[in-house]
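To start, the structure under review is shown below, and the notes come after it.
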Amino acid sequence: MSDSQSSGRFAEALALRHLCDQGLRLLTRNWSCRSGELDLVMLDGDTVVFVEVRYRRYAAWGGALESIDARKQQKLIKAAQLFLQKESRWARSPCRFDVVAITSAGQTENLNWIRNAFDS
């Protein structure tokens, strides 16, 4: 596993723990399809939440939030649509897209959870 894959898995685990602590429930992790991957799919009450986890070790390369451009948003929306087609029990549930942006600050990580980060 490369350093970036290892960092990504670490960031996803950190995000998952934080979201579970906030009362969300995990439906699936790293759900893949032809359009891409959904990092975390969670349930917040009756709302299906598609969570994109972004990690940046160095802010000079651009922030974690800024890395989710319109193209990336469209890929996430398409993957979410495919998820809802395959997992039809969730198809009638309200949905939203959240982003968990994690940046490294020395020995600590700063976690920023943005609910409803963008619309489909």
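Nothing in this text is a laboratory measurement; each read-out follows from the coordinates by a stated rule. Just so it is clear, the model here is predicted, and its values are computed rather than measured. Counting neighbours? That spans all protein chains shown, and the Cβs are built from the backbone with ideal geometry, glycine included.
Some values worked out for this structure:
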| item | result |
| --- | --- |
| Identity of the residue in segment 19-46, polar (S, T, N, Q) and loosely packed, with under 15 Cβ neighbours inside 10 Å, that ends up nearest to Asn116 (Cα to Cα) | Gln22 |
| Every residue from segment 76-107 that is in a strand (DSSP E or B) and not basic (Lys, Arg) | Cys95, Phe97, Asp98, Val99, Val100, Ala101, Ile102, Thr103, Ser104, Ala105 |
